[in-house]
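Reviewing the structure listed below.
Bear in mind that the values in this text are calculations on the coordinates, not laboratory data. Small disclaimer: the values here were computed from a predicted structure and weren't measured. Reconstructed Cβ throughout: ideal geometry from the backbone, glycine too, with neighbour counts over all protein chains shown.
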Amino acid sequence: MAQEQIDPNTAKRRGRVKLLTILAVCAAPLIASYLAYYVATPSERTNYGTILDPRTLPIPDMQSTTLDGQPRTLADLKGKWIMLRAGGAECLEECQRQLWAMRQWQVMQGKNQERLTRVWLITDDKPLETVIIREYDGTEMLRAPGATVAKWLPVEPGTTMSDHIYLIDPLGNLMMRWPKAPEPSRVHKDISKLLKASGIG
């Protein structure tokens, strides 16, 4: 029996459809979380953080590195929700409060805590105190060019990027910013709702 000849254009279309189907399946949990959180029940929206439009805020190519100079980027962390703070290496009271809060919000997610990671983009070349590194072990500490980070991260009027904590979704979209000195319980609630809406179990 003669083998059916498939037109190259038809084969290309079929391949494209298969690829789009796979992408849609992978993205489905996140899409569902956004719909559930922001669209499905608008009368019940209680999000505390400010919703950002990721289409206007793509993660820039920052050539960030680990503290020992090895290349590592936010793109390497795709697949997890990222709690992000940015600022210089001098970590005073407010910086330490943010790092501590990020750790607590992660731990409070219980079985879902592995779906979160914490990142501190260090925006200068100053040395980091050893006690800070040890105290907040588990936080990804990456050096990144300050001008690039400042241009990327949006801030509220009268604040700087180091006043805020941001949230990046598992697809690498910058999608939320919490206010300066946020209410911890309300941030925790935002994170919990997103994890639940997009989660497994």
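What the table shows:
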item: Cβ-Cβ FRET estimate between residue 185 and residue 148, R0 fixed at 30 Å, reported to 0.05; result: 0.35
item: Cross-link pairs 78/189; 78/196; 111/151 - those with Cα-Cα distance over 25 Å; result: 111/151
item: Estimated FRET transfer efficiency (residue 55, residue 129; beta-carbon r; R0 35 Å; 0.05); result: 0.40
item: Net charge over other residues, Cβ less than 12 angstrom from the Cβ of residue 73 (K, R count +1; D, E count -1); result: 0
item: Pairwise label distance in nanometres, residue 113 with residue 159, each label 7 Å out on the Cα-Cβ vector; result: 2.6 nm
item: Order of 163, 124 - criterion: other Cβ atoms within 10 Å of each residue's Cβ, fewest first; result: 124, 163
item: Separation in nanometres of the label points that stand 7 Å from Cα toward Cβ, at residue 68 and residue 193; result: 4.2 nm
item: Packing-based ranking, highest mean first, of 94-104, 62-72 given that Cβ atoms within 10 Å are counted; result: 94-104, 62-72
